[in-house]
Amino acid sequence: MSDALPTAIGTVVIGGGVVGACVAGFLADEGQDVLVVDEGRGAGSSANAGSLHVQMQSRFMRLYPENVPNMELQLPLYPKAVAFWRELASSLNADFDLKMTGGLMVAESQAQLDFLALKAARERRLGLDVEILDRAQLDAIAPYFGPGIVGAELCANEGKLNPLLCNAAIRAWILARGVVLAEGVSVAAIARSGTGFAVTTTRGTVTAGRVVLAAGSGTRLLAAALYPPISIPAVAEPLHMNITEATAPLIGHLVQHADRMITLKQFGTGQIVIGGGWPARQDVPGGHAEVELASLIANASLAQHIVPSIGNLRIIRTWAGLNTSVDGMGVLGAVPAIPGLFVAIPGDAGYTLGPLSARLVADVMLGRKPGEDISPFRPERFE
């Protein structure tokens, strides 16, 4: 990390999470000079629980039913994004503790199982590898569930990773490529300057030829303050998470619920992460996320209900982070109204989609045709 900001640079990336860091890394791999400005909030990447999602999450479907068509539109990117994580680990020669063991979305009633069957039929039409399991089939591959579980949807190519290992490896990669990383630095203003931009930060002003908005929910205010103002309706969703002490191998899959907020997965180190969308607090709009006692209790209680043997474990840490929600899909690519400006928001389950989304935006910036059609995710769709 550099203490002094450059006065001029080719590209400024605002946001140092997995998306912004990977955009910077892919550009730097091509010889581009890049500055990443990150204010250091515990947002999505630094507070992520390590789930690699593929199937549609029932939590988002329930909270944002109007966004389901957009979720389905972006759904084919998810298995490709999980595969891209594996490619990134290989290219960096890094251990991400990445396991592709499949995901189980469990049901506690016939109505919930019927919901999963309908969801699975829609997902299969979009190319996902999913199937419905009854309790006997579930016991054959995951005998750790409590008696209330009647069946599940199995998504073969879901997985999990350790975000602490991933974030450290990505940080080492971009620094080795010469990316200037300014941490604990906020952006106060972005203005046109000649054919480029003047980015005013809490540590001075930097001129740049291009700017990438990869600040998650913080992108909304940055985009609205531009001239002309850009509408990016990204919303912060404060979420609460817990992690247990280490135990013997117990949970092999990424576990979710058809009707309730929960994710469970076990790292290679033995700890079990309990997440899934229980709310946290945000001290002020745009501020830090804070843990919520009621969510801690409810999250842990539901986890024990689903996997009873978790009840013997101690919770050793609890934390909160900020998920970013837009309209059920990401915001990726150039802003036509402001040449040189790009947006990189991956969408729901942003950590899963992060590196692939960054690769697609970097390809556009490098003048290449991205490997996927990102036209549905174009920033101007909100105008």
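The values are calculated or read from the model by the stated rules, or taken from the named source; none is laboratory data. Remember, predicted model here, so these are calculated numbers, not experimental data. Heads up, the Cβs are rebuilt from the backbone with ideal geometry, glycines too, and the neighbour counts pull from every protein chain shown. Keep in mind that these areas ignore ligands, DNA and RNA; they rest on the heavy atoms of the full protein, side chains included. Shrake-Rupley method; radii C 1.70, N 1.55, O 1.52, S 1.80 Å.
Just one of A344, A320, A303 is within 20 Å of E39 (Cα to Cα), touching a helix residue (DSSP H, G or I) at 6+ places or on another chain (Cβ under 6 Å), hydrophobic (A, V, I, L, M, F, W, C) and touching a residue at least 40 places away in the same chain (Cβ under 8 Å); which is it?
On the way: A320 fails: touching a helix residue (DSSP H, G or I) at 6+ places or on another chain (Cβ under 6 Å); A303 fails: within 20 Å of E39 (Cα to Cα).
Sole residue among the options that is within 20 Å of E39 (Cα to Cα), touching a helix residue (DSSP H, G or I) at 6+ places or on another chain (Cβ under 6 Å), hydrophobic (A, V, I, L, M, F, W, C) and touching a residue at least 40 places away in the same chain (Cβ under 8 Å): A344.
Condition first: part of a loop (DSSP other than H, G, I, E, B) and either hydroxyl-bearing (S, T, Y) or open to solvent by 50 Å² or more (accessible area, probe 1.4 Å) (or both). Now tell me which residues in segment 287-305 satisfy that. Explain how you work it out, then say what you get.
Going residue by residue through segment 287-305, those that are part of a loop (DSSP other than H, G, I, E, B) are 287-288, 291-292.
Selection gives H288, V291, E292.
I need a count of the residues in segment 311-325 that are buried (at least 18 other Cβ atoms within 10 Å of the Cβ) and either more than 21 Å from the chain's Cα centre (by Cα) or closer than 30 Å to L73 by Cα (or both).
Here the count works out to 7.
Report every pair of residues separated by at least 6 positions or lying on different chains whose Cβ atoms are under 8 Å apart, first residue within segment 101-113 and touching a residue at least 12 places away in the same chain (Cβ under 8 Å) and closer than 16 Å to A140 by Cα, second hydroxyl-bearing (S, T, Y) and assigned to a helix (DSSP H, G or I).
Short answer, once both residue conditions are applied: M105/S58.
Among all residue pairs at least 6 apart or on different chains, which show Cβ distances below 8 Å where the first residue, located in segment 69-93, is polar (S, T, N, Q) and the second is assigned to a helix (DSSP H, G or I) and surrounded by fewer than 21 Cβ atoms within 10 Å (Cβ to Cβ)?
What qualifies is Q74/P376.
If you take the residues in segment 235-270 that are outside any strand (DSSP E or B) and among the polar types (S, T, N, Q), which one is farthest from G151 (Cα to Cα)? Please lay out each step first, then the result.
Of segment 235-270, the ones outside any strand (DSSP E or B) are 245-253, 258-262, 267-270.
From what's left, among the polar types (S, T, N, Q): 247, 269.
Details: T247: 25, T269: 28 Å.
In this case the residue turns out to be T269.
Residue by residue through segment 155-171, note down the ones that are aliphatic (A, V, I, L, M), touching a residue at least 60 places away in the same chain (Cβ under 8 Å), out of contact with any Phe, Trp or Tyr (no Cβ under 9 Å at 6 or more places or on another chain) and surrounded by fewer than 23 Cβ atoms within 10 Å (Cβ to Cβ). Steps first, answer last, please.
Keep residues of segment 155-171 that are aliphatic (A, V, I, L, M), which gives 156, 161, 164-165, 168-170.
The next check asks that each one be touching a residue at least 60 places away in the same chain (Cβ under 8 Å); those that pass are 161, 165, 169-170.
Those still in the list that are out of contact with any Phe, Trp or Tyr (no Cβ under 9 Å at 6 or more places or on another chain) too: 170.
If the condition is that a residue be aliphatic (A, V, I, L, M), touching a residue at least 60 places away in the same chain (Cβ under 8 Å), out of contact with any Phe, Trp or Tyr (no Cβ under 9 Å at 6 or more places or on another chain) and surrounded by fewer than 23 Cβ atoms within 10 Å (Cβ to Cβ), then no residue fits.
So if I check each of G127, G159, G102, which one is in contact with a Pro (Cβ under 8 Å, 6 or more places away or on another chain) and of a type outside the set (A, V, I, L, M)? Walk me through how you get there before you give the answer.
On the way: G159 fails: in contact with a Pro (Cβ under 8 Å, 6 or more places away or on another chain); G102 fails: in contact with a Pro (Cβ under 8 Å, 6 or more places away or on another chain).
Within the list G127, G159, G102, the selection yields G127.
Restricting attention to segment 148-178, report how many residues are among the small types (G, A, S), under 30 Å from S91 (Cα atoms) and not in a helix (DSSP H, G or I). Don't jump to the end; show me each part of the working.
Start the filter on segment 148-178 by keeping residues that are among the small types (G, A, S), which leaves 148, 151-152, 156, 159, 168-169, 172, 176, 178.
Narrowing the set further to residues that are under 30 Å from S91 (Cα atoms) leaves 156, 159, 168-169, 172, 176, 178.
Next cut, not in a helix (DSSP H, G or I) only: 156, 159, 178.
Going through segment 148-178 one residue at a time, the tally reaches 3.
Identify, please: which residue in segment 268-286 is open to solvent by 70 Å² or more (accessible area, probe 1.4 Å) and in contact with an Asp or Glu (Cβ under 8 Å, 6 or more places away or on another chain) and is, among those, modelled with the lowest pLDDT? Outline the logic, then answer.
Here is the first cut: in segment 268-286, the ones open to solvent by 70 Å² or more (accessible area, probe 1.4 Å) are 269, 281, 283-285.
After this cut, where a residue has to be in contact with an Asp or Glu (Cβ under 8 Å, 6 or more places away or on another chain) as well, the list is 269, 281, 283.
Details: T269: 94, R281: 91, D283: 74.
Among them, the one singled out is D283.
Could you check how many residues of segment 326-383 are more than 18 Å from the chain's Cα centre (by Cα) and in a loop (DSSP other than H, G, I, E, B)?
First, pick out the residues of segment 326-383 that are more than 18 Å from the chain's Cα centre (by Cα): 334-342, 363-373, 375-376, 378-383.
Those left that are additionally in a loop (DSSP other than H, G, I, E, B): 335-340, 366-373, 378, 383.
Summing the residues that are more than 18 Å from the chain's Cα centre (by Cα) and in a loop (DSSP other than H, G, I, E, B) in segment 326-383 gives 16.
Among the residues that make up segment 360-367, is at least one of them of a type outside the set (G, A, S) and either open to solvent by less than 10 Å² (accessible area, probe 1.4 Å) or under 26 Å from P238 (Cα atoms) (or both)? Write out each step before concluding.
Within segment 360-367, the subset of a type outside the set (G, A, S) is 360-361, 363-366.
Right, trim to either open to solvent by less than 10 Å² (accessible area, probe 1.4 Å) or under 26 Å from P238 (Cα atoms) (or both) and you get 360-361.
Yes: one or more hits.
Can you tell me which condition G10 does not meet? The list is (1) surrounded by fewer than 24 Cβ atoms within 10 Å (Cβ to Cβ); (2) in a helix (DSSP H, G or I); (3) small (G, A, S), and all the others hold.
Tallying (1) surrounded by fewer than 24 Cβ atoms within 10 Å (Cβ to Cβ); (2) in a helix (DSSP H, G or I); (3) small (G, A, S), G10 fails exactly one: (2).
So the check is Cβ under 8 Å with 6+ separation or different chains; which pairs have a first residue in segment 203-227 that's more than 11 Å from I14 (Cβ to Cβ) and a second one that's open to solvent by 10 Å² or more (accessible area, probe 1.4 Å) and assigned to a helix (DSSP H, G or I)?
Correct list of pairs: R210/M365.
Looking at P308, P346, which one is within 30 Å of V150 (Cβ to Cβ), open to solvent by 10 Å² or more (accessible area, probe 1.4 Å) and at pLDDT 95 or above?
P308
Working only within segment 179-234, note down all residues that are part of a loop (DSSP other than H, G, I, E, B), touching a Ser or Thr at 6+ places or on another chain (Cβ under 7 Å) and either of a type in the set (V, I, T) or open to solvent by 20 Å² or more (accessible area, probe 1.4 Å) (or both). Give the steps one after another, and end with the answer.
Residues of segment 179-234 part of a loop (DSSP other than H, G, I, E, B): 179, 184-186, 194-195, 203, 214-215, 225-234.
Now narrow it down to the ones that are touching a Ser or Thr at 6+ places or on another chain (Cβ under 7 Å): 185-186, 232, 234.
Within segment 179-234, V185, S186, I232 meet the criteria.
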